[in-house]
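Following: one structure in structure tokens, then a few remarks.
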Amino acid sequence: MKRGLLPSVGFLTLLIMLVALAESQIAEGEVTIELDIPGYIKDMGDQPTTPFYSGQNVKIKTDFLVSDNVEVKLEGENIGTVDLSIIRINPPYTVKVEMPLSIPTGDYSIHVFMGDRSFSNTISIVGFTPQELQSLGHQGGGGGEGDSASLSPAILYSTDLNDILWEYCLAGNPNNANHLVLAAGHPHVSLDGGRTWTLANLGFQPRGHVMTEAGHAVLHGDPNMAISSDGTLFLVELFHVYGELNSVTGGILTGKVNSGVFTNSLIKKENVVTNGLSMDYTKLALDPSTNTVYVSSFCEIPFSNEYCIWKSTDSGKTFIKYSFGDLDSKYGVTMHNIQSMDVMPNGELIAGIRYYRSNEDDEDRVSLLRFNKDLSGVELVHGVATPMLKYSLLPIYKDSKRSWLLEKGPKIAVDRSDLHPGRIYIAWVEAMSTIPNPVNKFGFDWGHNADVFISYSDDYGKTWHEAIRVNDDSGDANQNFPSLRIDSEGTAHMSFLDKRENPDLPQYDVYYAKIVDGRVSRNTRVNEDHVYYWKTRDPGDYIESIAAYPSKVYIAHHCGNEAIIIDGIEMNSRTSTCIVALDPNLVGFPGEFFRGDANSDTTVDLSDAITILSYLFYNGNAPYCKDAADANDDGSIDVSDAVRVLNVLFQGETFPVPSPTAGTDLTEDSFYC
């Protein structure tokens, strides 16, 4: 459905029309089946005619009240009759089930049984092709040789949490680079720079359960958080009241990171039956000078055009709601949900957002919302100098019929350093071309060659630096899911998911880059082994994966690939989450290096001569920057380079430029950095 075709119909009105139409088409004793699409993707909505896929969740909507004794079966010539696993029952009319991975392509009947009643409907399913099964299997394309990378010397260490965090958020104490929190469901705490982790103490067992004003609740994920200068954590998550399947509680956990003990308070509680998942897709911002906390989410009606902010001036104990009405009508645009928030040095709240105009052929613009300091009003800033954003879907790998969401952003971050106080950074992803009319699970065009961009403004968004591409690959692979942080010295740090190494397989890698005054460093891969899609799904709705300091950057990513058997199919599975620590000072800019620095640690010492000799005679790793290892600048790497390093260290000789400071090579040769 093209958004531009409905310029005068609000989304809520459209949703009501679709629901009414669907209900009018349900005959007595029938069910309708829809994809289980995240509701916050409001320009998509439910797509009853979109193809269904094995391994994907679907919603079965009935014309009768469902109860706990529901059974769902799938019947077809290829499979006989198969019991479908029920994920969740959402009274009064909806059951969520999962199609097994082993279901082949074909037409099937779905039967719903409840007591002495039964109801049926038909469904067409797209199964895995033989090529997809081979690429997903542990052998013959899913692992083996070439899976591990020779990582940059900038990588200091990596820690495996031995735990899976689906949609996670990583944050660090601004005054202590050793204190970290990783959250998705139950938060994890590290007090030694990510080397060891423990589960936070929430004062309630079992794991992931808390006691709230509404009673016993379960942490449901969708985390967003910040840590204050005194080490206080503010973590907003979704809570479900235990035993009440339809209750959604917006809650916040607070507490000192170094104690690992967190308490909670409620922001609001809503009922799914009447108002939908109204605390979904929450975002949090913290004013570090006052510990004022801001949380954005839906207002009373989910996915409407009304925008709300909840503000706490007592460190998260109580919240006051501020509603800004229908901003779409006010500005003549249609806005997506708030994607990120931050606070300016003067205490004003800003938010990253995308919007489109109905007469511009379904194209998105990156923009900011600028709130008054007392939240008495809000302004849409139109001046962001960025390209148009067009497509929300990407293929999980080349030629696949299965798609995953493009996390376009924008992500924003404010520079609070003395170098550029108040500079606003904004990062986003844009698909550079399209694959029209593919058969995929959402039924929309795919993006192609998605790249990560960043820009910044020093005048509160009036003017913007020219958009800068962050990923430095030369091909047309897709990049996705950017995370952005600014350290205390004003350097911007980014991590993102990247498919440049294996665009033909359902896997990705994690890359890092730093940005200083419009200059982007060389991209650095941080994961040793490729990360595989869990049952070909995307990494989650969103992730915040980076915590940044001038001398150390931490990046979280999924890891721990193992072969498991599901429905008789051997698959790779993510089994854990890893934290990587790297030294950003060892990540150089394109073409820059220190002559003689063969191991790329930014210093020249005896280890550089050893690196050269090990590479030449002992099957050691190739120097990360061969230009640097070419110590005498003769266009080759041989024993004379190791000798030159030793003579500089012990005989008083000098290196050809660039030395003793970093720079570029002035001699034409085949080496580069």
Count of residues meeting criterion [under 18 Å from the mean Cα position of the chain (by Cα), surrounded by 19 or more Cβ atoms within 10 Å (Cβ to Cβ) and not hydroxyl-bearing (Ser, Thr, Tyr)] in the range 153-185: 10
Test: residue in the range 150-157 that is closer than 22 Å to Ala622 by Cβ, in a loop (DSSP other than H, G, I, E, B) and modelled with pLDDT under 60: no
Filtered residue count, the range 442-481, keeping only those that are within 28 Å of Gly588 (Cα to Cα), part of a loop (DSSP other than H, G, I, E, B) and hydroxyl-bearing (Ser, Thr, Tyr): 1
Cross-chain or 6+ apart pairs with Cβ under 8 Å, the range 520-534 first and more than 11 Å from Asp509 (Cβ to Cβ), then assigned to a loop (DSSP other than H, G, I, E, B) and modelled with pLDDT of 90 or more: Val520/Val470; Val520/Asp472; Arg522/Asp472
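For every residue, the table says whether it meets (1) out of contact with any Leu (no Cβ under 7 Å at 6 or more places or on another chain); (2) at pLDDT 75 or above; (3) not in a strand (DSSP E or B).
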| site | (1), (2), (3) |
| --- | --- |
| Leu238 | yes, yes, no |
| Gly251 | no, yes, no |
| Gly255 | no, yes, no |
| Asn258 | no, yes, yes |
Matching residues, the range 621-631, being in contact with a helix residue (DSSP H, G or I) (Cβ under 9 Å, 6 or more places away or on another chain) and surrounded by 13 or more Cβ atoms within 10 Å (Cβ to Cβ): Pro623, Ala628, Ala629, Asp630, Ala631
Inter-residue pairs, beta-carbon under 6 Å, first without any contact (Cβ under 8 Å) to a residue 24 or more places away in the chain and in the range 225-238, second assigned to a strand (DSSP E or B) and open to solvent by less than 10 Å² (accessible area, probe 1.4 Å), 6+ apart: none
Residues (at pLDDT 85 or above, open to solvent by 20 Å² or more (accessible area, probe 1.4 Å) and at positive phi) located in the range 279-331: Asn291, Ser315
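Conditions tested, residue by residue: (1) open to solvent by less than 40 Å² (accessible area, probe 1.4 Å); (2) at negative phi; (3) at pLDDT 85 or above.
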| position | (1), (2), (3) |
| --- | --- |
| Arg595 | yes, yes, yes |
| Asp605 | no, yes, yes |
| Asp633 | yes, no, yes |
| Ile637 | yes, yes, yes |
| Ser640 | no, yes, yes |
| Gly652 | no, no, yes |
Hits in the range 507-531 (condition: within 15 Å of the chain's Cα centre (by Cα) and open to solvent by 10 Å² or more (accessible area, probe 1.4 Å)): Tyr511
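Residue-wise test of (1) in a loop (DSSP other than H, G, I, E, B); (2) open to solvent by less than 60 Å² (accessible area, probe 1.4 Å).
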{"site": "Ile610", "(1), (2)": "no, no"}
{"site": "Asn619", "(1), (2)": "yes, no"}
{"site": "Phe655", "(1), (2)": "yes, yes"}
{"site": "Ser659", "(1), (2)": "yes, yes"}
Residue in the range 99-108 that is out of contact with any His (no Cβ under 8 Å at 6 or more places or on another chain), surrounded by fewer than 16 Cβ atoms within 10 Å (Cβ to Cβ), part of a strand (DSSP E or B) and at pLDDT below 80 present: no
Residues that are open to solvent by less than 70 Å² (accessible area, probe 1.4 Å) and farther than 21 Å from Ser152 by Cβ, drawn from the range 661-673: Thr667, Asp669
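The values are calculated or read from the model by the stated rules, or taken from the named source; none is laboratory data. What you are looking at is a predicted structure, and each value in this text was computed from that prediction instead of being measured. Positions of Cβ are backbone-derived with ideal geometry, glycine not excepted, and every protein chain shown enters the neighbour counts. Just so you know, the surface numbers come from the protein's heavy atoms only, side chains and all, with ligands and any DNA or RNA stripped out. Shrake-Rupley method; radii C 1.70, N 1.55, O 1.52, S 1.80 Å.
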